[in-house]
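This report refers to the structure that appears directly beneath it.
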4 protein chains.
Amino acid sequence: MKYIEFDKSKKYDLILVGRVAVDLNPVDYYCPLNESTTFKRYLGGSPANIAVGLARLGKKCGFIARVSDDQFGTFVTDFFDNEGIDTSHIVRCKNGEKIGLTFTEIKSETESSIVMYRNEAADLKLDPADVDEDYIKQGAAVLISGTALAESPSREATLKAMLLAKKNNIPVIFVLDYRAYNWKSDDEISVYYSLAAANADMIIGSRVEYDFAERFEGLDGTDLASASYWQNKGAKIVIVTHGKEGSTAYTCDGQSFSIRPFPVKLLKSFGGGDGYTSAFLFSLFEGKEIIDCLEFGSASAAMLVASHACSQDMPNVAQVEAFIRKEKEEYGEMVARV
Amino acid sequence: MKYIEFDKSKKYDLILVGRVAVDLNPVDYYCPLNESTTFKRYLGGSPANIAVGLARLGKKCGFIARVSDDQFGTFVTDFFDNEGIDTSHIVRCKNGEKIGLTFTEIKSETESSIVMYRNEAADLKLDPADVDEDYIKQGAAVLISGTALAESPSREATLKAMLLAKKNNIPVIFVLDYRAYNWKSDDEISVYYSLAAANADMIIGSRVEYDFAERFEGLDGTDLASASYWQNKGAKIVIVTHGKEGSTAYTCDGQSFSIRPFPVKLLKSFGGGDGYTSAFLFSLFEGKEIIDCLEFGSASAAMLVASHACSQDMPNVAQVEAFIRKEKEEYGEMVARV
Amino acid sequence: MKYIEFDKSKKYDLILVGRVAVDLNPVDYYCPLNESTTFKRYLGGSPANIAVGLARLGKKCGFIARVSDDQFGTFVTDFFDNEGIDTSHIVRCKNGEKIGLTFTEIKSETESSIVMYRNEAADLKLDPADVDEDYIKQGAAVLISGTALAESPSREATLKAMLLAKKNNIPVIFVLDYRAYNWKSDDEISVYYSLAAANADMIIGSRVEYDFAERFEGLDGTDLASASYWQNKGAKIVIVTHGKEGSTAYTCDGQSFSIRPFPVKLLKSFGGGDGYTSAFLFSLFEGKEIIDCLEFGSASAAMLVASHACSQDMPNVAQVEAFIRKEKEEYGEMVARV
Amino acid sequence: MKYIEFDKSKKYDLILVGRVAVDLNPVDYYCPLNESTTFKRYLGGSPANIAVGLARLGKKCGFIARVSDDQFGTFVTDFFDNEGIDTSHIVRCKNGEKIGLTFTEIKSETESSIVMYRNEAADLKLDPADVDEDYIKQGAAVLISGTALAESPSREATLKAMLLAKKNNIPVIFVLDYRAYNWKSDDEISVYYSLAAANADMIIGSRVEYDFAERFEGLDGTDLASASYWQNKGAKIVIVTHGKEGSTAYTCDGQSFSIRPFPVKLLKSFGGGDGYTSAFLFSLFEGKEIIDCLEFGSASAAMLVASHACSQDMPNVAQVEAFIRKEKEEYGEMVARV
């Protein structure tokens, strides 16, 4: 069943709004970050990774963002260009703002943390004036990221994109994507997550992220309560992820669909989420059944936690299909399905 | 007909959120401000004036605000105490922020302007942590002011109050109250006015203020379009004011009611709006018909533009009634009704 | 003896750098400020008052400052123009900064305090680019005020004016003028007061102000230690004021000269200092002996503490002379001399 | 001859004030930075490099600085500890400030540039309260870095350290170390460089850096004019560097001593300066003749431009001596002497 209609005649399958950043992953990992001596740099940032994931899967993406006016700004723009992502609405900052950096600490297969450089980060300087209604109208859907709500003026630029999408009957996908940087208080997070979720057609996030979004709503903290609350506000699909416990998609017809991770040898414990989201959205845009969307998403996630990079290692359709085939051969048809 | 239900069992008829300020009106007026040499100081700020208006009319108000930790903070708190307005949730700023000032320029009966001191103004430091759900729950209604949305953290504090009122089924009254200070861009105004209006049970503002609220909505700029758009989002009463052309209240049953100003000798061209709002709300809380609410509001407005102060000259019920009686004797029963 | 040479051929006797502000003095005084209802507005700010004082005494002053781009900016500029003070280097702020305000509380003849509006004050936005060497060179002396060092960019603008005066062999007069606003820490005050005092030809301030300037110098807190320390750095005249105990000027030839206040019926306990400084400087520019400079300064101070305003009530030469004559007739020739 | 006396009884040969940072040098160099994929991280920051250089040469250093409260803060503190540099006055920032980063672009042996992350950098948060007079007094000399003057509160902390050193008769070494980040205007640079240089016993910088320091001094732009101007203010040794043209030390007895670079195969064109300064200072502390100090400095500089790192590759005494011996054998005794 189709829960959300996407207008196939639009120039872009998806227009994403939010951060493009740089990841610096240690080459000498499985130790504390202060002992790592060498780092590989990759394009990063949740919406940027999702865009690359979708591009690899054959979808056409546009991106609205601010990046630094330096060699890293050049690197990420060139990377997008090479992937076929439209960069016509990527603006260079002019006041010395730097692109966000994420140094990752990979202590073991399952323990990791990050050190983020996000003070005066270029992405948070996205200005409402950068958000162009004519461009928004070229998208079959608009994706906004919670981190883009953390600070002005990116906050208002993102809300403007959301309001303009609504005005033009374009579905809004809200990726909660919470990062504990830049926010001034839990109340601030809850205010903006609540206002954005109330305007979204699809929401995707972890249990912890929904809890942030619902601090002023008086819910009981269950996934079912979250799903029915936001569906009552207009959401058609509400996905709650639970890490290695798997995830569930709740649809506005009262159904729910669950998936669990494919078994895989982990290299690191992060990076799967953006693969999951991009592969889920690809399948949704293709018109697949929700359970198939979830399986495709879960497969991409599994492939990425086994890789060193995130963006750079995003798989194409054939690779995801091959992975699923191999896993099913090894573990059985229902390996990921609950 | 009752468009909005107010719970009479609550401790307060209304809890207001927003600015308390100080007005400095010239004693030697009808000249440019730079030539005025002497000023009288009054309590000011739109929501503060409305609270005083309601208190004079016998209603019980609570107020959530930040004021300066100096003699002016003492002055406004004492003034509220004397009027019977609850000041238990008025917080003193601790980092040298000063209470907002408004110097008024009264060039003639009909020409005026203002010079506002609102840099690091105390009211804009209202913090989400100052907004207490238990207090909100004691109000039969909550009033938020557009100017309180102009800057963080007052912006988030105000949105939190709105969300908590909604959670507790308390009607939200949104007074657009636009001031061209502190806002960074027109887009910023439109984003927040739009999000707040979509959550309001009653909205009151001028045509210009609605235009700000609707820049991302694609409406046609008519009052009727505004009314039906916001009613579709949940508003029950939408009032659009047009200065000396009068004003119209649109109700969610498709009716509209218009009023025009009572003829009066003006002293100045400002200060009527807060009288209007307080007297309208008083009548609404009393359960009067909309047209009678409007007449009562219009009478208070007329009395205030004929006075030097705003807050200090707010009339009580007997005074408004006497004014209306006298006007009707002089100009006929339909003097203000359209 | 002449301790400092002033080049009489220069266009201006003095170029002042620092704040122009507005004072609001209560008309209904001798009560706490929160009970005062009516205020008279005057031009204020220590260097602005000194400029007016000098202009009334017949000296030609230039002024480098930033003021607000509103009616108060017009008021102070017009006031200067009327006094014959050059306003060609008074710049209007363009980002909504407001001119500083000082509300005075006059509790009794001897008790007073102030509430200052100095957040984003126009004067503290004075930019180094506003300081023009060609203009500085037209002054026979340059006066800088300690309060102008409280925040960037006014801090750097003031230090630039000081350095350019030194480069051009123009005497620098440093008025310590400490106000407990805007400074971040005592260390910050001490750093800048120390660096400025080390470059001054004449320093004037209270004991408390010297103590701030000397926290990193290891002195013993006596006036004599202050005088010899700063004279060793290059100062020719060091004046330490002690309120109603009088004041002493220390000259670089090892002499000292003391004065005490003229007996007078006080209206308020502030406002004398700028009269003192302007009348002292006038006399110094005229080539008078130090003790006569002090007497003239003390007389002006006495006249101002008996008046409601500061700037507006600055006396001319005939008025000061008449005041001294009258006082001497009543109290004897040595009334103020120690 | 000894131009500056260093008290050998002090606990530390030198106390340095300023930045500790992290360098990220590309492993795949000789291409534009946007094409480099892998980076090695080193401790960096001019005064930090100088401290490491001196420690390797056997001198005892103390350091006053702020670093980030994260794994990079741990890395640099551990590195200092391992080198024997005292870290008792290295403070962790508590408001999310990050340690400064320098990504280097090595396009060829002679072309390089940098991308610096210095927004809200930890080192610029050094607070005057972090500067402890008792610690300062334990140093035989105090070194301040020009970059530490770029922003408050580091600016005031550095000036406080300078004033306290002067108060305690401890020589001040001012390393101009100009970086085009954080400064608001050229005037701001000139104000602070001028005030610091006027208080220094030794100054070291490039011609361009002296030009910044002297914009308000009216000099003619020659090294000789710089030297005599600052010597007149109190400097004993003034060193002007000219990159591959060599450098000259001007002493307060009117002599000058010149050195030129040792011939060496460059890996990169930066990183030599801090080696030069540390080796020069080591020799000066040892009581060597100025020309020998310069030769030792130049040798260390040559060794570092041939290395990938800066701090990590600082040589010890035996290594510098061996390098000089080898160079002289190959190129003659006067290889570096002019």
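Every read-out reported here was derived from the displayed coordinates using simple, explicitly stated rules and does not represent laboratory data. In this text, all values refer to a predicted model and were calculated from it rather than measured experimentally. Cβ: placed from backbone, ideal geometry, glycine included. Neighbour counts: every protein chain shown.
Overview of results
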| quantity | calculated |
| --- | --- |
| Rg to Rh, two decimals, where the stretch B:70-211 supplies the alpha carbon set and Rh follows Kirkwood | 0.97 |
| Set A:Lys184/B:Lys167; C:Lys160/D:Lys233; C:Lys167/C:Lys236 screened for pairs whose C-alpha atoms are more than 21 Å apart | A:Lys184/B:Lys167 |
| Those residues of the stretch B:321-338 whose amide nitrogen sits under 18 Å from the label point placed on B:Asp292, 7 Å along Cα→Cβ | B:321-326, B:328, B:333-338 |
| Estimated D of the stretch D:10-96 in µm² per second, where Rh is the Kirkwood radius over Cα pairs and Stokes-Einstein applies at 37 °C, 0.692 mPa s | 236 µm²/s |
| Alpha-carbon centroid distance for the pair the stretch A:77-122 / the stretch C:313-338, whole angstrom | 74 Å |
| Beta bridge orientation in the stretch A:33-133: antiparallel %, DSSP, nearest 5 | 55 percent |
| Computed magnitude of the charge dipole of chain D (debye, nearest 20; Cβ of K, R +1, Cβ of D, E -1) | 400 debye |
| Proportion of all alpha-carbon pairs of the stretch A:249-289 beyond 15 Å (%) | 59 percent |
| Isotropically averaged projected area of the stretch D:86-134, using the convex hull of Cα atoms (one quarter of hull area), nm² | 5.4 nm² |
| Sparsely packed GluC sites (Glu not before Pro) within the stretch C:1-89, loop by DSSP, other Cβ within 10 Å at most 16 | C:Glu5 |
| Cα gyration tensor, chain A - rounded (a/c under 1.5), prolate or oblate | rounded |
| Aspartates and glutamates with Cα under 18 Å of B:Lys326, excluding same-chain neighbours fewer than 8 positions away | B:Asp292, B:Glu295 |
| DSSP beta bridge pairing in chain A, given as percent antiparallel to the nearest 5 | 45 percent |
| Fluctuation leader among D:Met162, D:Met303, D:Met116 - chain D, Gaussian network, Cα springs under 10 angstrom | D:Met116 |
| Over chain C, relative contact order from alpha-carbon pairs under 8 Å, at least 6 apart, % | 17 percent |
| Rg/Rg_ref, the stretch D:130-256, where Rg_ref = 2.2 N^0.38 Å and atoms are Cα | 1.02 |
| Residue order, fewest to most beta carbons within 10 Å, for B:Val142, D:Val317, C:Val91 | D:Val317, C:Val91, B:Val142 |
| Shape of the protein assembly as shown, Cα gyration tensor, a/c cut at 1.5 | oblate |
| The stretch D:7-54 and the stretch B:1-56: distance between their alpha carbon centers, rounded to Å | 60 Å |
| Residues B:Asn169 and A:Glu330, FRET efficiency given R0 of 51 Å [Cβ-Cβ distance, rounded to 0.05] | 0.40 |
| Lys pairs under 23 Å by Cα in the stretch A:1-111, provided they are eight or more residues apart or on distinct chains | 12 |
| GNM top mover of C:Gln319, C:Gln71, C:Gln138 - chain C, alpha-carbon springs below 10 Å | C:Gln71 |
| Beta bridges by DSSP in the protein assembly as shown, antiparallel share as percent, to the nearest 5 | 45 percent |
| For q = 0.30 Å⁻¹, Debye-computed log10 I/I(0) when each Cα of the stretch C:21-67 counts as one equal scatterer | -1.05 |
| Rounded if a/c under 1.5, otherwise prolate or oblate - the stretch B:116-184, Cα gyration tensor axes | prolate |
| Electrostatic dipole magnitude of the stretch C:83-160 [Cβ: Lys, Arg +1; Asp, Glu -1; Cα centre; debye, to 20] | 180 debye |
| Mean separation of Cα contacts under 8 Å (6+ apart) over length of the stretch A:55-108, as relative contact order % | 44 percent |
| Neighbourhood net charge (13 Å Cβ-Cβ; Lys/Arg +1, Asp/Glu -1) for A:Lys125 | 0 |
| At 1.567 mPa s and 4 °C, Stokes diffusion of the stretch A:156-211 via Kirkwood alpha-carbon radius, µm² per second | 108 µm²/s |
